1. Which residues, counting only those in region 38-51, are within 25 Å of the chain's Cα centre (by Cα) and assigned to a loop (DSSP other than H, G, I, E, B)?
2. Which of the following residues is polar (S, T, N, Q) and farther than 17 Å from Arg280 by Cβ: Gln156, Gln181?
3. How many residues are closer than 19 Å to Ser111 by Cβ and surrounded by fewer than 24 Cβ atoms within 10 Å (Cβ to Cβ) when one looks only at region 250-274?
4. When you look at Asp201, is it among the acidic types (Asp, Glu), surrounded by fewer than 22 Cβ atoms within 10 Å (Cβ to Cβ) and in contact with a Leu (Cβ under 9 Å, 6 or more places away or on another chain), yes or no?
5. With the condition kept exactly as written, say whether any residue in region 177-195 is touching a residue at least 40 places away in the same chain (Cβ under 8 Å), surrounded by fewer than 21 Cβ atoms within 10 Å (Cβ to Cβ), on the phi < 0 side of the Ramachandran plot and not charged (D, E, K, R).
6. Considering only region 167-174, I want to know if a residue exists there that is outside any helix (DSSP H, G or I), crowded, with 17+ Cβ neighbours inside 10 Å and either of a type in the set (D, E, K, R) or out of contact with any Cys (no Cβ under 8 Å at 6 or more places or on another chain) (or both).
7. Of the conditions (1) touching a helix residue (DSSP H, G or I) at 6+ places or on another chain (Cβ under 8 Å); (2) among the charged types (D, E, K, R); (3) at pLDDT 95 or above, Glu349 clears all except one; give me its number.
8. Being in contact (Cβ under 8 Å) with a residue 40 or more places away in the chain and β-branched (Val, Ile, Thr), is that true of even one residue in region 303-321?
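The values are calculated or read from the model by the stated rules, or taken from the named source; none is laboratory data. What you are looking at is a predicted structure, and each value in this text was computed from that prediction instead of being measured. FYI the Cβ positions are ideal-geometry reconstructions off the backbone, even for glycines, and counts take in every protein chain you see.
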Amino acid sequence: MPSEQWTHPEPGDGPAAIAAQPSPEQVIAGLRATSEGGAELTQLLTPEGQRVPSTQFDPYVADVDDETLRNLYRDMVLVRRADREANAMQRQGQLGIWVPLLGQEAAQVGSGRALQPRDMAFPSYREHGVAYTRGVDLRDLIGIFRCTDHSGWDYQAHGFHPYTIVIGNQVLNATGYAMGQKFEGKVGDDDGEATICYFGDGATSQGDVHEGFVWGAVYDAPLVFFCQNNQWAISEPTERQSRLPLYQRARGYGFPGIRVDGNDVLACLAVTRWALEQCRHGNGPVLIEAFTYRMDAHTTTDDPTRYRLSDELEEWKLKDPIERVRAHLARGGGAEPEFFDQVQAEADEFAAQLREHTFTMPEPPPERIFSNVYAESSPLLEQQRAEYLSYLDGFAPEESLAGSSIRNRGEH
């Protein structure tokens, strides 16, 4: 019986080694392919802002003119400015934690703008840019990180589910939802529905993600698995988790995988539109690996200087997703200097509104924790609520900030 083959990093790189005996050169090539874009990287805008033609993907951005690019640029600038403001507010004690998206704006805005209103998105906890493209007010989102809300938006109306903190769990939720779309006959043509699920490179080591891959493939679920490979699963690099590029894992489950430049908003838009089209027509799931970089900490509790070099950060600054669109617009006459100044002013006002909202958010009353636990209340829940509030009323206001004074203030 022939030995199992070890998949080489890129198609056309020569014969594959057997699983037990990869050559040193093949191992090195495999590790390098997990930390560099590689030959299979789909890119439509270079870091210098030059347009790269693509026979396969140009049709999916044929409607993108200078105005559309200006809007995409505006989206990314506003999202980044809000992210930086929230990061600062956490440092000032206004938020319990913040999960930065700095550097991943193109992956999120490009893929988010590819979605149709009838589609559904399942995020992890870093998809602030996707939330913005789905019409979620970031002021509603901020309550999660101020620890006053689980989610402050109507997820059905926006087609954007609540954030998921448990790593990879949203993949199972998304797979089940997409299977439901298939069972209800909502796929098969251009008007079909599709689901997209976001997760990071670290989540690909979780069993939930692999279970989602299996079930999505078996049932031809209309689901785009969107992996934002930002190179670091907290403090562990991607090469510690995979011998080959993440997008190639799709082969083992029987559906297409593609690697896109996650810092190229135009490519992310095109590739996600293509993947969603595949799903809408009933062709089953697609895995997109958006090859990008987390420019900040994993969260505000993390210190990235302890595990990565500054040289790496400086290298990725040259691939900034916002600057390449700015360069393209400026070089081609798609925007005047006044436009960029206007967008920056708008972003500053956007951040100021977010800050004002955060600083003036009311303290929720203690009974809030019993609200919306179930679709309908129950005698047991009402009993627990009454007992808890009675317990709080037993404290004098000066003895406990959780006393009845807080509850009464929250009711007015």
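1. Gly38, Ala39, Glu40, Gln43, Leu44, Thr46, Pro47, Glu48, Gly49
2. Details: Gln181 fails: farther than 17 Å from Arg280 by Cβ.
None of the others qualify; the one that does is Gln156.
3. Within region 250-274, the subset closer than 19 Å to Ser111 by Cβ is 250, 255-274.
Those left that are additionally surrounded by fewer than 24 Cβ atoms within 10 Å (Cβ to Cβ): 250, 255-258, 273-274.
Here the count works out to 7.
4. On the way: among the acidic types (Asp, Glu): yes; surrounded by fewer than 22 Cβ atoms within 10 Å (Cβ to Cβ): no; in contact with a Leu (Cβ under 9 Å, 6 or more places away or on another chain): yes.
So Asp201 fails the test.
5. yes
6. Applying the first criterion (outside any helix (DSSP H, G or I)) to region 167-174 yields 167-168.
Still in the list and also crowded, with 17+ Cβ neighbours inside 10 Å: 167-168.
The next check asks that each one be either of a type in the set (D, E, K, R) or out of contact with any Cys (no Cβ under 8 Å at 6 or more places or on another chain) (or both); those that pass are 167-168.
Taking every residue of region 167-174 in turn, at least one turns out to be outside any helix (DSSP H, G or I), crowded, with 17+ Cβ neighbours inside 10 Å and either of a type in the set (D, E, K, R) or out of contact with any Cys (no Cβ under 8 Å at 6 or more places or on another chain) (or both).
7. (1)
8. No; the residues of region 303-321 include none that is in contact (Cβ under 8 Å) with a residue 40 or more places away in the chain and β-branched (Val, Ile, Thr).
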